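The structure under discussion appears below in the form of structure tokens.
The values are calculated or read from the model by the stated rules, or taken from the named source; none is laboratory data. Because the structure is predicted, anything quoted here is derived from the model rather than measured. Cβ placement follows ideal geometry from the backbone for every residue including glycine, while neighbour counts extend to all protein chains displayed. SASA here: full protein model, heavy atoms, side chains in, ligands and nucleic acids out. Shrake-Rupley method; radii C 1.70, N 1.55, O 1.52, S 1.80 Å.
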Amino acid sequence: MISTSFVQPFFSANYLSLQVHPTPQGGLSNGTTVEIRFKDRGMFQWVSMLDATRSQALLQKREERLGEPLPLYEPPPTSTGEQIATTNSARQPSDQELPSYSA
């Protein structure tokens, strides 16, 4: 699946349009578009399930390509009494810190 779009025409029912990437010897040609229309139920539940499945497939493909999943972020440990040093980047240098220029 390359992309999905939810189409809301003026004079007909809503439908989901999917642009798919064909597999070799799968019987579909490049540029195939699939339209899914429901007559007896809502589409939003199905679309959310489809998006979750697509996201999971993309994640699995990325893990296969990279070899392993990225580690979860853990903030660095800090002690209770530790103070974080801050710098004042907006501080102006004094006259003694400025280089002298001769004309």
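Some notes on this structure:
- Across all C-alpha atoms in region 25-71, the radius of gyration and Dmax reach 15.5, 44 Å.
- Accessible area in the full protein assembly, largest first, 1.4 Å probe, for Leu16, Leu58: Leu58, Leu16
- Per residue accessible area of region 7-58, 1.4 Å probe, in Å²: 82 Å²
- Separation of the Asn30 and Asp51 label points, Cα + 7 Å toward Cβ, nm: 3.0 nm
- Remark: the Thr4-Leu59 segment gains 18.1 nm on full extension, using 0.36 nm per residue and subtracting the alpha carbon distance.
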